[in-house]
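Contents: one structure, followed by commentary.
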Amino acid sequence: MTRLWNDPAEFADEMIDGFVAANGRSVRRVTGGVVRSTVVPSGQVAVVVGGGSGHYPAFGGLVGPGLAHGAAMGNLFASPSTQQVYAVAKAADAGGGVFLSYGNYAGDVLNFDAAQERLRAEGIRCETVTVTDDVASAPAAEAHKRRGIAGDLTVFRSAAAAAEAGADLGEVARIAAHANARTRSFGVAFSGCTLPGAGAPLFTVPEGRMAIGLGIHGEPGVDEAAIPTADELADLLVSRLLGEIPDGVTVPGARVVPILNGLGSLKYEEMFVVYRRIARLLEDAGVEVVDPHVGEYCTSFDMAGTSLTLFWLDDELAGLWETPVDTPAYRRGSVGPVAQADAAEVADGDIDAIPDADDASRRAARLVHTALRTLVDTIDTHVDELGRMDSVAGDGDHGIGMQRGSHAALAAATNAVTAGAGARTTLERAADAWSDRAGGTSGALWGVILSSIATELGDAGAPEPTAVARGVDAAARGVMAYGKAEVGDKTLVDALVPFAETLTAQVASRDLAAAWTAAAKASTEAAAATADLLPRMGRARTHGEHSVGTLDPGAHSLALIASAVGAMLADPTLEEN
Ligand code: ADP
Ligand code: MG
C-alpha cells in the first residue's frame with residue numbers, strides 16, 4: 001500500500017523532480033527522464049535505458065559513470081512515450097551513437113523502436129538489445145519472448161562498461177546481447193502492489209500462498225503454492241535456474257554473480273536468510289560465486305516478492321563487471337573525481353527539429369490536422385456523456401481524459417504543420433502530446449493508435465488509402481499488445497478491431513471516404529454491442545456487474561470519433577480547407 005501522494009496523476013512527475021533534487025551530483029532532468037549531470041567524453045557511446053516508473057532503482061537510479069548515460073522514465077508501470085525516449089537519447093548522445101536497452105515489454109518495444117527509427121532517420125546511429133532474463137515468462141526455445149526483470153542490471157552494466165572503455169556502438173550491442181544470453185532470473189510474489197491513489201492492489205495473491213514466476217506488473221505466474229520456508233524458497237529458485245544453464249557454460253567450475261532482488265516490501269533480513277541457503281546450494285553445485293548482490297535492483301512498487309538472477313561470467317564479462325560504478329542507487333569500486341557538466345553546454349537536444357517533407361505530404365498533414373480538429377470537436381460535444389458512462393463502473397474521467405489528450409494533440413499538430421512537417425511527423429507529434437498529457441489508460445492507448453497510423457503515412461508523397469488501412473490495422477494490433485485486451489473484454493478494442501477489419505477489406509475496392517464510413521458504421525455497431533458485455537480489463541473490471549446495460553466508454557468514444565472523421569472525409573468541401 002502507498003500512503004503518500006499529492007495528485008496521483010502527478011505522482012511520477014513529482015517523484016522524478018524529487019529524485020533529481022536529491023541527486024544533482026549524478027543526474028539532471030531533461031524532457032522524458034534524466035541524463036548524467038557529469039561530463040561524458042565526446043564520442044563515447046551513450047547507454048540509454050528506461051521503462052515505466054515504479055521500479056526504483058530502475059531506471060533513473062542507474063544513471064551515472066560506469067552505468068547508464070540516461071534513463072527514459074515513463075508514468076507508473078507505463079512505457080515512456082516515443083517522444084520521451086527520443087528526447088532522452090538526444091540529450092544523452094555524445095557523438096558516439098546511442099545504445100538502447102530495456103526490459104522486453106510490448107509497450108516499451110513499440111516506443112523504443114519508434115524512437116530508434118526517428119534517431120536513425122536523423123543520422124544518429126542507434127542499436128537496441130532488450131533484456132529477456134525471466135525464465136518463467138516463456139520456454140527456453142522462445143527465449144526472445146521473455147520479459148526483463150532484475151537481469152536489466154547485468155546487461156546495462158556490461159554495455160556501459162564497454163562504452164566507458166571506448167567500445168564502438170556495434171561492440172557495445174554485441175556485449176549487451178552476450179550478457180543477456182548469460183543472464184537468467186526467476187521470481188515469486190506474496191502480494192500485489194498498489195499504485196498511488198488506487199483503492200485496491202493491481203492483483204492479489206491468496207493469503208498464505210505464493211505466485212511462482214509472476215511478472216513485475218502482475219502478469220500471470222506459472223504456478224501457485226503455499227508459502228515455503230526460506231530454505232525451501234532458496235531450493236526452488238536455485239534448482240529452476242541451475243536447470244537452464246546458458247550455452248557455453250560448464251558446471252562445475254563456472255563463475256556466477258548471484259543477484260537476490262527484493263521487489264519492494266520484502267525485508268533485507270528475510271532476503272539474507274534466503275541468501276544464506278542460496279550461497280550453500282551454489283557452492284554444492286560447484287559454482288564459484290563472484291560479487292554476490294542482495295538488495296533492491298528492480299522493484300515493483302510495494303509488491304512483496306523476490307527474484308534470483310544468475311549472471312554466468314566468462315573472462316570478458318568478468319573484466320567488465322569489475323569496473324567501477326557511481327550512480328544514485330548503485331556504487332561499486334571507486335570511479336574517481338568526475339567533473340560536473342556545464343548546464344549550458346548540455347542543453348536539451350534539438351528535439352523540435354522537423355524532418356524534411358515534400359509538398360504532397362504537407363498537404364496530407366493539413367488533412368491530418370483537420371481530422372484532429374474534428375476529433376476535438378467530437379470529444380468536446382460528448383465530454384459529459386463519456387464521463388457519466390465511465391462513472392458507472394470506472395472512475396468517471398474518460399471524458400476529461402480524452403479532452404486533455406485530444407486538445408494537446410491538436411496543439412502539437414498545429415505547431416508541426418506550421419513548421420512544415422509532413423503527415424507522419426504531424427501525427428507523431430500529436431500522438432506523443434496525447435499520451436504525455438492525457439493520463440489514464442485511454443491516453444496511452446490513443447498515443448499508440450495515432451503513432452501506429454503515423455508510421456504508415458510517411459513524410460514523403462501523399463499516403464495511399466491502403467497505407468491508412470495498414471496503419472489502423474497496426475493500431476489495433478498495437479493496442480492489443482499494449483493493453484492485453486481482446487475482442488469481447490469490453491474495451492475500446494471491441495470498436496477498434498471491426499473498424500480496422502472493415503477498413504482493410506473496403507479500401508481495396510472503394511475510395512478512402514467510402515471505406516472509412518463503412519468501417520465507422522461497423523465500429524458503431526460493435527460499440528453499441530458492448531452494453532451487453534461484462535468488462536474483463538481495465539479499471540471497470542472491479543465493478544463489472546454495474547456496467548451491464550452501459551456501453552464501454554472507450555469503445556463509444558472511438559466509434560464517435562471514427563464516424564465524425566468519416567463524415568469529414570466524405571465532405572465535398574474538404575479539399576478547400
Ligand atoms: P482509466 O481507465 O485509466 O480511467 P479512461 O477512463 O480514460 O482511463 O479510459 C477507460 C477506457 O479505456 C475503457 O472504457 C476501455 O475502453 C479502455 N481500456 C481500459 N483498459 C484497457 C485495456 N487493457 N485495453 C484496451 N482498452 C482499455
Ligand atoms: Mg476512467
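Here are a few things to note about the model shown:
- Among the conditions (1) surrounded by fewer than 24 Cβ atoms within 10 Å (Cβ to Cβ); (2) at pLDDT 95 or above, residue 481 misses just one, which is (2).
- Figure legend. Inter-residue proximity from segment 49-75: first residues hydroxyl-bearing (Ser, Thr, Tyr), second residues crowded, with 24+ Cβ neighbours inside 10 Å and at pLDDT 95 or above, beta-carbon distance below 7 Å, spacing 6+ or different chains. Indicated pairs: 53/73.
- Identity of the residue in segment 434-449, near ligand 1 (Cβ under 8 Å from one of its atoms) and small (Gly, Ala, Ser), that ends up most open to solvent (accessible area, probe 1.4 Å): 440
- Boolean, residue 517 is open to solvent by 40 Å² or more (accessible area, probe 1.4 Å), part of a helix (DSSP H, G or I) and within 16 Å of ligand 1 (Cβ to nearest atom): no
- Cβ pairs under 8 Å, 6+ apart, first in segment 248-273 and in contact (Cβ under 8 Å) with a residue 12 or more places away in the chain, second open to solvent by 80 Å² or more (accessible area, probe 1.4 Å): 253/288; 254/288; 255/288; 256/288; 262/268
- All of 552, 511 fail the test of being open to solvent by 50 Å² or more (accessible area, probe 1.4 Å) and not aliphatic (A, V, I, L, M), apart from 511.
- Of all residues in segment 391-404, those being at pLDDT 90 or above and near ligand 2 (Cβ under 6 Å from one of its atoms) number 1.
- For segment 372-397, the set of residues classified as open to solvent by 50 Å² or more (accessible area, probe 1.4 Å) and either within 8 Å of ligand 1 (Cβ to nearest atom) or among the β-branched types (Val, Ile, Thr) (or both) consists of 381, 392, 395, 397, listed by residue number.
- Elements of type strands (runs of 3 or more DSSP E) in segment 191-308, at least 2 residues being of a type in the set (Asp, Glu) and touching a strand residue (DSSP E or B) at 6+ places or on another chain (Cβ under 8 Å): 223-226
- Subset of segment 451-501 [in a loop (DSSP other than H, G, I, E, B) and near ligand 1 (Cβ under 10 Å from one of its atoms)]: 484, 485, 486, 489, 490, 491, 492
- Selection status of residue 95, modelled with pLDDT of 95 or more and over 24 Å from residue 144 (Cβ atoms): yes
- Subset tally (residues that are over 20 Å from residue 463 (Cα atoms), of a type in the set (D, E, K, R) and open to solvent by 20 Å² or more (accessible area, probe 1.4 Å)) for segment 398-433: 1
- Condition check for residue 291: surrounded by fewer than 13 Cβ atoms within 10 Å (Cβ to Cβ), at pLDDT 95 or above and in the same structural domain as residue 70 (by TED's automatic domain parsing): no
- Residue count for segment 188-219 under the criterion of being open to solvent by 20 Å² or more (accessible area, probe 1.4 Å) and more than 26 Å from residue 11 (Cβ to Cβ): the result is 4.
- Looking only at residues of segment 523-546 that are near ligand 1 (Cβ under 9 Å from one of its atoms) and part of a helix (DSSP H, G or I), we find that the one that is modelled with the lowest pLDDT is 539.
- Of the residues 431, 438, the single one that is under 26 Å from residue 366 (Cα atoms), away from ligand 2 (no atom under 16 Å from the Cβ), among the small types (Gly, Ala, Ser) and out of contact with any strand residue (DSSP E or B) (no Cβ under 9 Å at 6 or more places or on another chain) is 431.
- Candidate set from segment 351-361 (those that are farther than 15 Å from residue 455 by Cα and part of a helix (DSSP H, G or I)); member that is most open to solvent (accessible area, probe 1.4 Å): 359
- Test: residue in segment 61-69 that is buried (at least 24 other Cβ atoms within 10 Å of the Cβ) and in contact with a Cys (Cβ under 9 Å, 6 or more places away or on another chain): no
- Every residue from segment 121-175 that is modelled with pLDDT under 95, assigned to a helix (DSSP H, G or I) and more than 24 Å from residue 297 (Cβ to Cβ): 121, 141, 142
The values are calculated or read from the model by the stated rules, or taken from the named source; none is laboratory data. Fair warning: this is a prediction, and the values are worked out from it, not measured in the lab. Neighbour counts are summed over all protein chains in view; Cβ atoms, including those assigned to glycine, are modelled from backbone coordinates with ideal geometry. When the accessible area is computed, the model is the full protein with side chains, heavy atoms only, and any ligands, DNA or RNA have been set aside. Shrake-Rupley method; radii C 1.70, N 1.55, O 1.52, S 1.80 Å.
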